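K.L.:
Handing you this structure, nothing more for now.
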Amino acid sequence: MNNFYRVIEIQNLSIGNYIIKVEKRNLKFTAGQFFSLGLENNPINREYSVCSGENDLTVDFLIREINKGIISSNLRNIKINDKIKVLGPFGNFYLKKFDEKKQYIFIATGTGIAPFMSIIKTYPNINYKIFHGVRLFEDTIKELIDKNYFTFVSREKCMGHNIYEGRITEYISLLNRFNKDTYFFLCGNSIMVSEVYDLLLKNNYSAINIFTEIFF
Amino acid sequence: MKVAISFPPIINSLGQKAMISQNRNVQFFSVPTYLLPITHAQAATKLKLNKFHVIWDDGNSQLKNYDEWLNNLIEKKPDVIVFESTTPVMKFMWNTINQIKKYLKESIIILTGYHSMRKPEESFKNSNVDIIILSNHVDFVLFNLMEEIKVNNRKINQLQTNGIAYKNFLGEIKNNSTFKKIENINESEIIDRDLIEWKKYAYENGNFLQTPGTYSTSVIRDCTFGKCTFCRYNGPELSFSIMNVKRSVDEYEKLINHYKVKEIFDDSGVWYRGNDARDFAKEIIKRGLNKKNCYFGFNTRFEYLDEETIKLLGEANFRFVLIGLESGSNYTLERLKKGYTKETVLETLKLLTKYGLHPHLTIMVGYYWEDQKMLDETVSFVKKIMFKGYARTLQVTLCTPLDYTPYHQECIEKNLLLTTNYDDHDMSKIIVKTPIPHKKYYDAIKELYYIAFHPKFILRQIKFLLKFRKRDWQFLITYSVRAIRRVRQHVFNLTKSNKIRNEL
C-alpha cells in the first residue's frame with residue numbers, strides 16, 4: 001500500500017498560513033472532506049482539509065503553522081518532490097445534493113475555510129456567501145476576495161469593503177437577511193460553531209439546514 | 001419532580017451480567033467491571049443542581065438483582081425514568097419498559113442511547129416508551145426536556161424541546177429531530193461524585209492498577225476523529241466537543257485531594273492531543289498532582305502523540321493508555337477508515353513504553369472481509385508487539401455490527417447478517433458471513449489471549465521490573481491474577497458461542 005505522494009508546490013499565504021499541493025495520482029475525494037497527513041519515518045499524523053476542487057490537477061491542503069506543531073511546521077519546510085503520507089479521505093461535511101437554486105452560507109474561522117474553498121471550486125455555479133473570521137488581516141484568503149467574501153478580523157484594526165472588525169458572532173444580524181430555507185455550513189473552532197448555531201436557531205433558521213464541522 | 005436515571009441489571013441465562021464496555025458496547029461477563037456512565041452522570045448532576053429530585057439508580061453497581069431493582073424503582077414512584085439502550089439489549093429494554101408501565105402508568109419513560117436515537121420508530125412500536133432522546137448530548141437535552149415537562153405539569157403534548165421524538169396523548173409519534181448537534185461542553189456539569197455513589201465504581205474495574213479509581217468527566221465528548229466505520233462515535237449527527245484544560249485539571253485536583261482517588265481514567269473517545277495534551281500535563285505537574293500517588297489514563301489514537309508530549313505525560317504520572325489497534329492488516333485498517341497504517345503503530349508504542357506508560361491494545365477480529373491471511377497478519381503483528389514489550393495488556397473482541405453504524409449498515413446492505421435478532425449482537429459470536437469458518441476467528445482470539453502465558457511475554461515483564469518503577473511491580477502482581485481470570489472468561493464465552501453458532 002503506497003500512501004506517499006509527491007509534493008508539487010508550497011504556497012505561502014501569510015506568516016501563519018500556507019497551502020501544500022500534492023500530486024493527485026489516484027486520490028479521490030468529495031469537496032469538504034479531509035485527509036490525514038504525515039511525514040516519512042514519523043508516527044504522527046494530523047488531519048487537514050482539502051482546499052482544491054474535486055477536478056483540479058493537484059490535491060491542495062490549507063494549513064496553519066502551529067507554534068511547535070509537529071506536522072504543520074515540518075510540512076512547510078519540506079522540499080518539492082519529497083513525499084508525504086496521505087491517508088483518507090474522511091468526513092461527511094460536504095454537500096449531500098447540490099442545488100443551484102439554493103443559497104449556501106459558509107461560516108468559518110481560520111483554516112476552517114478550506115472545505116468551502118474546495119466546494120466553490122467544485123461547484124462554480126453555486127450561489128454562496130462566505131463569512132470568514134480571522135485574527136489578522138493577512139490571514140484572509142486573497143483568492144476569495146470578491147463580493148461574496150466577508151471577513152471579520154478580531155485582533156487588529158482594519159478597514160475595507162466587506163471587512164469587519166471583531167468576531168463573526170458580533171455580526172450575526174448580517175445573517176438575518178437570508179431566506180429561511182438557506183443552507184448554513186459552519187466550520188472552525190467549537191466555540192464559534194456552537195455560538196453561531198445558537199444564534200441561527202434563535203433567528204428561526206431550522207437545524208436541519210445547519211451543518212457543522214469542528215476544527216481544533 | 002422525581003427523575004430516576006436507571007440502569008437495570010441485565011443477566012443472561014448463564015448468570016453473566018451485561019456490562020457497558022468500550023464505546024458503550026455491551027458484553028456479558030460473570031466477573032463484571034462497573035463503568036460509570038459519564039454523560040448520564042453529568043445529566044443527573046445538572047438536574048440535581050437545578051432542583052430536581054434525582055435518583056441515581058444503577059442496579060449493576062448497586063449489586064441488585066433484577067427483581068430487587070424493579071421493586072425498589074416501583075416503590076420510589078419516579079415521575080420520570082431515563083434508560084440507556086444499545087443494540088444487544090434493545091429487546092430487554094423494551095420488555096422492561098412494558099413491565100414498568102404496568103406498575104407505574106403515570107411515569108414518563110425516556111430512552112437514550114445510540115441505537116434508539118438512530119431508530120426511534122422501532123422502539124415506539126415495540127414498547128410503551130414515551131420519549132426518545134435523539135442526541136448524544138443527553139445532559140443538555142434531558143435538562144431542557146425536564147424543564148418543559150415541569151412547566152407543562154407533566155403533560156407530554158406538543159413538546160417543543162429539540163432533539164427528541166415522543167408519543168403524544170393520541171398515540172401519534174412526533175419528531176423534534178432538528179436539534180443542535182454540538183454543545184459547548186464547558187457548560188456541561190462536572191460530575192457530582194456523591195450523587196452517583198462513586199465508590200461503587202471505584203474497585204471492580206480491570207483497568208485500575210490502584211484503587212479507588214474513577215473516571216473523570218470526559219474532556220472530549222464523542223471522538224475528535226469520528227470516522228472509524230465500526231464505531232458508534234461516527235455519523236453526521238455527531239460532532240466532537242472539547243472542554244478546556246484548566247477545568248478538567250480542577251476536577252482532577254478535587255478527586256485527588258478531596259476523594260483520595262488513586263487512579264483517574266478519562267474515557268473520552270480520544271483524549272487531548274498536541275498543545276492541549278502538553279498543557280494538561282504541565283498543569284498537573286505545576287500543581288504537584290503528579291506526586292500524589294495517583295495514576296492517570298486515557299484513550300488515544302496512534303498518530304496523535306509525539307515524543308515531547310509522551311515524555312511530559314510520563315512526568316505527569318500518566319500510566320494507562322488505551323489504543324484501538326483493531327487489526328494488523330493495512331487493508332482492514334483502510335476499510336475501517338482508521339486513518340493510520342500498522343507502520344505507525346510500532347513507533348507510537350515504542351515511545352509510550354520508553355516513558356513508562358502502559359499501552360493497552362484493543363483488537364478486533366471477524367470482519368466480514370477478513371480472510372486467513374489478514375487474520376494471521378493480525379495475530380503475528382500483535383505477538384510481535386507483546387513479546388517486544390511495546391504494549392502491556394490487550395483485549396480482543398469480535399467485530400459486531402452495532403447501533404446502525406456505517407459497518408452495521410454495510411452488513412445490512414450486502415445481506416451479510418446471519419441473524420436479525422438483536423440479542424445475538426452481544427459480541428459473544430460472529431453474526432456476519434465471513435470468507436473463512438468462524439472457528440478460525442475464535443481460535444485466533446484464544447491464541448492472542450494465551451500470549452499472557454507465553455514465556456517470551458513473561459520474561460519481558462520481568463525485565464520491566466529491573467527499571468524499579470513501582471507501577472511495573474504492581475503490574476506484575478495485579479495482572480498475573482487478572483490475566484488468568486480474563487482468559488478463562490473469554491475462553492468460556494467462546495466455548496459458549498461455538499454451541500450457539502450452530503443454531504444460527
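Nothing in this text is a laboratory measurement; each read-out follows from the coordinates by a stated rule. Note that this is a predicted model, so its numbers are computed, not measured. Glycine also receives a Cβ, built like all others from the backbone with ideal geometry; neighbour counts cover every protein chain displayed.
K.L.:
Would you order A:Ser118, A:Ser73, B:Ser61 from fewest to most other beta-carbon atoms within 10 Å of each residue's own beta-carbon?
P.N.:
The fewest-first ordering by Cβ neighbours comes to A:Ser73, B:Ser61, A:Ser118.
K.L.:
Determine which residues of the range A:90-108 fall in the zone a paramagnetic label at A:Asp181 would reach in this model, i.e. backbone nitrogen under 16 Å from the point 7 Å along Cα→Cβ.
P.N.:
A:97-105
K.L.:
Oh, and also: Roughly how tilted is helix B:470-501, in degrees to the nearest 10 and between 0 and 90, from the longest Cα axis of chain B?
P.N.:
Tilt relative to chain B: about 60 degrees.
K.L.:
Tally Lys/Arg at +1 and Asp/Glu at -1 over every other residue whose Cβ is under 14 Å from the Cβ of B:Glu334; what's the total?
P.N.:
Around B:Glu334, the charge tally is +3.
K.L.:
Please give the contour-minus-distance gain from B:Tyr450 to B:Asp194: 0.36 nm per residue of separation, less the Cα-Cα distance, rounded to one decimal in nm.
P.N.:
Stretched out fully, the B:Tyr450 to B:Asp194 stretch lengthens by 88.2 nm.
K.L.:
Right, something else. Relative contact order of the range A:4-90: what whole-number percent is it, with Cα pairs under 8 angstrom and at least 6 residues apart?
P.N.:
39
K.L.:
Roughly speaking, what is the stretch gain from B:Lys125 to B:Asn257, that is 0.36 nm per residue apart minus the C-alpha to C-alpha distance, in nm to one decimal?
P.N.:
42.6 nm
K.L.:
Run down the lysines and flag those whose C-alpha is under 21 Å from the C-alpha of B:Lys440, throwing out any fewer than 8 positions away in its chain.
P.N.:
B:Lys373, B:Lys383, B:Lys384, B:Lys429, B:Lys496, B:Lys499
K.L.:
Applying a 10 Å radius around every beta-carbon, put B:217-228, A:125-136 in order of their mean neighbour count, most first.
P.N.:
B:217-228, A:125-136
K.L.:
Per-residue mean of other chain beta-carbon atoms within 10 angstrom of the beta-carbon, peptide A:81-90?
P.N.:
Mean partner-chain Cβ count within 10 Å for A:81-90: 3.
K.L.:
Can I ask one more? Report the FRET efficiency, 1/(1 + (r/R0)^6), for B:Ile458 and B:Arg247, where r is their Cβ-Cβ distance and R0 is 25 Å, rounded to 0.05.
P.N.:
0.05
K.L.:
Going 7 Å from the Cα of B:Glu187 in the Cα-to-Cβ direction, what parts of the range A:175-197 have a backbone nitrogen less than 11 Å from that spot?
P.N.:
From the range A:175-197, the list is A:194-197.
K.L.:
Then there's this: Order of B:Glu326, A:Glu143, B:Glu334 from fewest to most other C-beta atoms within 10 Å?
P.N.:
Least crowded to most crowded, the residues run A:Glu143, B:Glu334, B:Glu326.
K.L.:
Efficiency by 1/(1 + (r/R0)^6): what FRET value for B:Lys150 and B:Tyr355, r their Cβ-Cβ distance, R0 = 41 Å, to the nearest 0.05?
P.N.:
0.20
K.L.:
Between the range B:118-168 and the range B:1-78, how far is it from one alpha carbon centroid to the other, in angstrom?
P.N.:
Between the Cα centres of the range B:118-168 and the range B:1-78 lies a distance of 19 Å.
K.L.:
Oh, and also: Sorted by average packing, counted as other Cβ atoms within 10 angstrom per residue and highest first, what order do A:162-170, A:183-191 take?
P.N.:
Highest-to-lowest ranking by the protection proxy: A:183-191, A:162-170.
K.L.:
Given H placed on each backbone N at 1.01 Å, which residues far from A:Asp82 in sequence or on other chains put an amide H within less than 5 Å of it?
P.N.:
Excluding prolines and chain starts, which carry no amide H, the hits are A:Val7.
K.L.:
Where the centre of each part is set by its Cα atoms, how far does the range A:54-87 sit from the range B:289-313, in angstrom?
P.N.:
27
K.L.:
Next up: Using r as the Cβ-Cβ distance of B:Gln409 and A:Glu100, and R0 as 22 Å, what FRET efficiency do you calculate, to the nearest 0.05?
P.N.:
0.15
K.L.:
For helix B:455-465, report the angle its Cα long axis makes with the longest principal axis of the Cα atoms of chain B; keep it between 0 and 90° and round to the nearest 10°.
P.N.:
Taking Cα atoms only, the helix is inclined about 90 degrees.
K.L.:
Another one. Exceeding 27 Å between C-alpha atoms, which entries from my cross-link table qualify? They are B:Lys338/B:Lys470; B:Lys199/B:Lys446; B:Lys101/B:Lys155.
P.N.:
Over 27 Å apart, Cα to Cα: B:Lys338/B:Lys470; B:Lys199/B:Lys446.
K.L.:
Please give every one of the lysines within straight-line cross-link reach of A:Lys180, meaning a C-alpha to C-alpha distance under 21 Å, and leave out same-chain neighbours fewer than 8 residues apart.
P.N.:
A:Lys96, A:Lys97, A:Lys101, A:Lys102, A:Lys129, A:Lys202, B:Lys180, B:Lys181
K.L.:
Below 8 Å, C-alpha to C-alpha, sequence gap of six or more: please give me the relative contact order for the range A:84-216 in percent.
P.N.:
The value is 25 percent.
K.L.:
Now for a different question. Based on the alpha-carbon gyration tensor of the range A:4-90 and its eigenvalue square roots a ≥ b ≥ c, which shape applies: rounded if a/c is under 1.5, prolate if not and a/b is larger than b/c, or oblate?
P.N.:
rounded
K.L.:
Now a separate question. Across peptide A:66-79, how many C-beta atoms of other chains are within 10 Å of each residue C-beta, on average?
P.N.:
Going residue by residue through A:66-79 and averaging, the value is 2.
K.L.:
Additional query: Over 28 Å between Cα atoms, which of B:Lys262/B:Lys311; B:Lys291/B:Lys456; B:Lys262/B:Lys456; B:Lys91/B:Lys167; A:Lys83/B:Lys350; A:Lys142/B:Lys337 qualify?
P.N.:
Going by Cα-Cα distance, B:Lys291/B:Lys456; B:Lys262/B:Lys456; A:Lys142/B:Lys337 fall outside the 28 Å limit.
K.L.:
Order the peptides B:152-165, B:409-422 from the highest to the lowest mean number of other Cβ atoms within 10 Å of their residues.
P.N.:
B:152-165, B:409-422
K.L.:
Just to confirm the number: angle between the C-alpha axis of helix A:190-202 and the first principal axis of chain A, 0 to 90 degrees, nearest 10?
P.N.:
It is inclined by approximately 30 degrees.
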